[in-house]
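The values are calculated or read from the model by the stated rules, or taken from the named source; none is laboratory data. Owing to the predicted nature of the structure, the values given are computational and were not obtained by experimental measurement. For neighbour counting, all protein chains shown are included, and Cβ atoms are generated from backbone atoms with ideal geometry for every residue, glycine included. Side chains are part of the model used for accessible areas, which takes the heavy atoms of the whole protein and leaves out ligands, DNA and RNA. Shrake-Rupley method; radii C 1.70, N 1.55, O 1.52, S 1.80 Å.
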Amino acid sequence: MFVRNGHEPQTNLRFDWTVEEIESIYNLPFPELVFRAQTIHRRHHNPEEVQGCTLLSIKTGGCPEDCAYCPQSAHYQTGVNRHALLDVGEALASATKAKEQGATRFCMGAAWRDAPKGDEFDSVLEMVRGVRALGLEACCTLGMLTGDQAKALAEAGLTAYNHNLDTSPEFYGEIISTRTYEERLATLAHVRQAGVTVCSGGIIGMGETRADRYGLLKQLANQNPHPESVPINMLVRVTGTPLADQPELGALEMVRMIATARILMPTSMVRLSAGRLSLSDEAQALCFLAGANSIFMGERLLTTPNPEKDRDRRLLDNLGMRLWA
Ligand code: SAM
Ligand code: DTB
Ligand code: SF4
């Protein structure tokens with residue numbers, strides 16, 4: 001009945017949203033916003049199901065970039081346990097466990113500025129082939145990619161590449177100084193050209209204004225095609241990072257962000273990503289009503305905690321919802 005995973009042909013969609021239009025959607029009266037988002041959601045997705053994804057940090061910490069939110073940046077003292085690239089066997093054991101727990105997508109993250117050349121990259125290709133052989137979707141996030149690296153990942157069978165724009169072009173410089181917005185966009189173009197689906201989203205709660213959230217959504221929604229996958233993260237405030245003391249953003253802001261993303265990008269997967277530990281069951285239910293159709297499962301995201309599997313099972317049971325089988 002539904003074409004899953006943002007693979008529906010993107011016809012009759014718009015790629016020319018203005019900031020004013022996005023602002024007027026984002027600020028609709030809450031019942032109207034959620035109703036519109038849910039109406040669009042039901043046209044393209046099964047509202048009873050969410051996709052379960054599992055993350056694995058295949059290379060942790062010591063990253064040369066200075067992303068102000070990130071526990072893995074070498075610029076900040078966060079106490080993260082650094083480790084070099086995992087063995088292929090370890091990564092695949094973790095993917096096997098993720099599958100047993102109901103995940104259908106396995107995402108491998110590495111704290112690199114850009115994907116390496118040589119043996120390490122070959123190991124990542126091997127991991128991708130192994131994850132695909134388990135029957136799972138494979139996603140990687142390895143930093144910036146060249147066109148050739150994107151092609152090699154495509155040949156290994158990679159389903160999606162995650163590379164977030166994080167925030168608006170205007171606010172970006174407050175958060176990251178070691179690479180530019182244009183470099184991020186260039187990597188996304190390489191991924192697209194290689195025929196790998198694009199996973200790109202951002203983070204809210206970093207001290208940005210609502211206008212910055214509209215700006216991020218405009219960047220994402222005016223790509224043609226839209227990113228097939230749009231992760232919306234709520235900042236996980238990590239001690240030692242410059243954003244550790246940011247005031248907590250209310251959950252309703254997350255719901256507005258998700259609903260607006262759903263309205264602008266009807267066929268994409270909208271992923272309720274980091275930050276679920278700070279959301280109540282009721283807030284997460286509102287996120288699903290607003291069109292979120294994926295969660296990260298398992299007790300750990302990359303380096304920070306995530307709800308335990310029993311809590312998620314109870315949540316979905318209580319809502320009469322289920323994971324993709
Ligand atoms: N190093 C690669 C890169 O930045 O492209 C891949 C790994 S990086 C950790 C993946 C994404 O995680 C970032 O783009 C960011 O959006 C998200 N992220 C990192 N730390 C976060 C935090 N504390 N809270 C929410 N999201 C976070
Ligand atoms: C995304 O947008 N969120 C995930 C995934 N893509 C790679 C990562 C969230 C990381 C949260 C901080 C951590 O656990 O280190
Ligand atoms: Fe490095 Fe990625 Fe963290 Fe930025 S978000 S510091 S690039 S691991």
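Right, residue 207: within 15 Å of ligand 2 (Cβ to nearest atom), free of Cβ contacts under 8 Å to residues at least 40 places away in the same chain and either within 22 Å of residue 252 (Cα to Cα) or not charged (D, E, K, R) (or both) or not? No.
Under the condition of being more than 17 Å from residue 309 (Cβ to Cβ) and of a type in the set (Lys, Arg), the residues counted in the range 89-119 number 2.
Whenever a residue of the range 147-160 is touching a residue at least 24 places away in the same chain (Cβ under 8 Å) and over 18 Å from residue 184 (Cβ atoms), its partners that are open to solvent by less than 10 Å² (accessible area, probe 1.4 Å) and assigned to a helix (DSSP H, G or I), lying with C-beta atoms within less than 8 angstrom and at least six residues away or across chains, give the pairs 156/128; 157/128; 158/128. Only residues that are of a type outside the set (Lys, Arg) and open to solvent by less than 30 Å² (accessible area, probe 1.4 Å) were counted across the range 181-196, and they come to 6. Screening the candidates 104, 78 for the property of being more than 9 Å from ligand 3 (Cβ to nearest atom), within 24 Å of residue 158 (Cα to Cα) and hydroxyl-bearing (Ser, Thr, Tyr) yields one hit, 104.
One residue stands out among those in the range 223-242 that are among the β-branched types (Val, Ile, Thr) and over 17 Å from the mean Cα position of the chain (by Cα): the one that is farthest from ligand 1 (Cβ to nearest atom), which is 239. Only residues that are of a type in the set (S, T, N, Q), in a loop (DSSP other than H, G, I, E, B) and either surrounded by 14 or more Cβ atoms within 10 Å (Cβ to Cβ) or at pLDDT 95 or above (or both) were counted across the range 8-60, and they come to 4. Of the set (1) at negative phi; (2) of a type outside the set (A, V, I, L, M); (3) crowded, with 20+ Cβ neighbours inside 10 Å; (4) within 11 Å of ligand 1 (Cβ to nearest atom), all apply to residue 178 but (3).
Identification of strands (runs of 3 or more DSSP E) wholly contained in the range 221-297 with 2 or more residues that are more than 16 Å from ligand 3 (Cβ to nearest atom) and either open to solvent by 40 Å² or more (accessible area, probe 1.4 Å) or in contact with a His (Cβ under 6 Å, 6 or more places away or on another chain) (or both) yields no element.
Can you find a residue in the range 84-98 that is in contact (Cβ under 8 Å) with a residue 60 or more places away in the chain, within 16 Å of ligand 3 (Cβ to nearest atom) and surrounded by 15 or more Cβ atoms within 10 Å (Cβ to Cβ)? There is no residue in the range 84-98 that is in contact (Cβ under 8 Å) with a residue 60 or more places away in the chain, within 16 Å of ligand 3 (Cβ to nearest atom) and surrounded by 15 or more Cβ atoms within 10 Å (Cβ to Cβ).
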